[in-house]
Amino acid sequence: MLRLTLDMDDVMADTHRKLVNVVLNDFATTYTEKDLYAKGLRELLHPKQLNKLHKIIDTPGFFADIEVMPGAVETVHKLSGFYEIFVATACMEFPSSFNDKFAWLKRHFPFIPWTNVVFCGYKSIIQSDYLIDDQVRNLVAFKGNGVLFSAPHNLKNNTFKRVSDWKDVSELFLPIA
Ligand SMILES: [Mg+2]
């Protein structure tokens, strides 16, 4: 079986949506929701705001209630019949996220065993045939076939095969979508 590795944030989990809600509700900002989907937050926000956001992300509970990306559960479940599914999340930067992330996976993707979950730093360590990720730097570090999952912060990249959503993933990887 070919091995297919999935990133969590902005691939399995709609992390950007949660960040946008934090910015709109808790930050002094003139940006609209639409603005916050047009570019990456790193490009849009002031360094002080990014700092504040970093602290919020590093607070226990932040990852606990993030919404699942539409179509992810059904598609990953179908994919697991054809691929060895792994999850790899570069979460070492946010140690307080570990418990929330692991519990989130158990709750939404109970069919992925703990043996196939990797909490890592650089994704160069991942040995897999495919990696679906929204961060260009992770795909650059990865040695297999990288697939870029569209997100506001990667819209300009054209070096990787791109998927816009889980329907695209399904069409790309399943014999019958
Ligand atoms: Mg990600």
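A few remarks follow.
- Amide H partners (placed H, <5 Å) of Val87, local residues excluded: Leu6, Val117, Val118
- Nearby lysines by direct alpha-carbon distance to Lys39 (threshold 26 angstrom, same-chain neighbours under 8 apart not counted): Lys18, Lys48, Lys52, Lys55, Lys101, Lys123, Lys156, Lys161, Lys167
- Each principal axis of the chain carries a Cα extent, and these read 49, 34, 28 Å when sorted largest first.
- Cut-off under 5 Å, modelled amide H: who pairs with Val163 long-range: Leu148, Phe149, Ser150
- Applying the criteria of a DSSP loop state and at most 15 other Cβ atoms within 10 Å to the trypsin sites (Lys or Arg not before Pro) of segment 96-152 yields Lys143.
- Per DSSP, loop GluC sites (Glu not before Pro) in segment 70-144 with at most 16 further Cβ within 10 Å: Glu93
Readers should treat all values here as calculations from the given coordinates under stated rules, not as data from a laboratory. Small disclaimer: the values here were computed from a predicted structure and weren't measured. Don't worry about glycine lacking a Cβ; one is built from the backbone with ideal geometry, like all the others, and counts go over all protein chains shown.
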